[in-house]
Amino acid sequence: MDALRLFIALPVRPDPPLRALLGAWAAHRAWLKPVAPEQLHVTLRFLGLCPAERVPALGQAIDRAVRAAGVPAVVLPFAGLAGLPPGGGRPLRVLYADLADAAPIAALAARLDDALAALEPPVARRDRAFRAHLTLARVKGSAVRRRSGKMPDPAPAARRLLATHADADLGRFRADMVHLIASRLTPAGPVHRTLHAVPLSARAGRA
């Protein structure tokens, strides 16, 4: 039985300021891996490995969730940059952008949780609170390699990068489509393929 690595997301078409930031971060590729602009997305639900046979049922669940949520297409400004894990106690792994007033997206994520849990067999509900964010880059290098001295710890440089761009204008995010995406991991990075897509309503909310 074939299995696919699946997630449900809102694709992001980056405004020029965000595209320029990712381009500038390319200078740090020795320790930082920016997300390719065409792969930017806000994840609504990560499903992990699923049998390919479940794709039609998952698509139907997404359709039901979008109808039940009644969320229109919405335009939201980005609210700033941050890193994971938060605080300075552990090395940074991810640089991301927060979304301002992401309540409509959170409502959609909750409806997705309900629709997926109603499937047979059900998809287990998420085990942590939903937080809408846009992953922009990942910090390279495992903790083992850093401790062994085989590579310098990039965390200080990553935190300086965050501080430098703390007030950067990243433009806005228009959420208007929900995609079910298959992600295939390769040495060059993930390859994404949309298996199902459903539009939110055409009435866009105010930024």
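Restricting the first member to the range 24-49 and to residues that are of a type outside the set (A, V, I, L, M, F, W, C), and the second to residues that are open to solvent by 60 Å² or more (accessible area, probe 1.4 Å), the beta-carbon pairs closer than 6 Å and six or more apart or on different chains are K33/R138; K33/K140; P37/R19. Among (1) farther than 20 Å from A158 by Cβ; (2) surrounded by fewer than 16 Cβ atoms within 10 Å (Cβ to Cβ); (3) not β-branched (V, I, T), which single condition is D113 missing? Only one criterion in (1) farther than 20 Å from A158 by Cβ; (2) surrounded by fewer than 16 Cβ atoms within 10 Å (Cβ to Cβ); (3) not β-branched (V, I, T) is unmet by D113, namely (2). Residues of the range 105-123 that are outside any loop (DSSP other than H, G, I, E, B) and touching a Leu at 6+ places or on another chain (Cβ under 8 Å): I105, L108, A109, L112, L116. Identification of strands (runs of 3 or more DSSP E) wholly contained in the range 132-207 with 1 or more residues that are loosely packed, with under 12 Cβ neighbours inside 10 Å and at pLDDT below 90 yields 201-205.
Scanning the range 151-163 for residues that are closer than 17 Å to A30 by Cβ and not small (G, A, S) turns up M151, P152, D153, P154, P156, R159, R160, L161.
Residue-wise test of (1) touching a Pro at 6+ places or on another chain (Cβ under 9 Å); (2) charged (D, E, K, R); (3) touching a residue at least 24 places away in the same chain (Cβ under 8 Å).
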{"position": "G70", "(1), (2), (3)": "no, no, yes"}
{"position": "A73", "(1), (2), (3)": "yes, no, yes"}
{"position": "L76", "(1), (2), (3)": "yes, no, yes"}
{"position": "G80", "(1), (2), (3)": "no, no, yes"}
{"position": "L84", "(1), (2), (3)": "no, no, no"}
{"position": "L92", "(1), (2), (3)": "yes, no, yes"}
{"position": "D98", "(1), (2), (3)": "no, yes, yes"}
{"position": "D101", "(1), (2), (3)": "yes, yes, yes"}
{"position": "A109", "(1), (2), (3)": "no, no, yes"}
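The values are calculated or read from the model by the stated rules, or taken from the named source; none is laboratory data. No experiment lies behind these values; they were computed from the predicted model shown. Cβ: placed from backbone, ideal geometry, glycine included. Neighbour counts: every protein chain shown. Heads up: the accessible areas ignore ligands, DNA and RNA and are worked out on the full protein's heavy atoms, side chains in. Shrake-Rupley method; radii C 1.70, N 1.55, O 1.52, S 1.80 Å.
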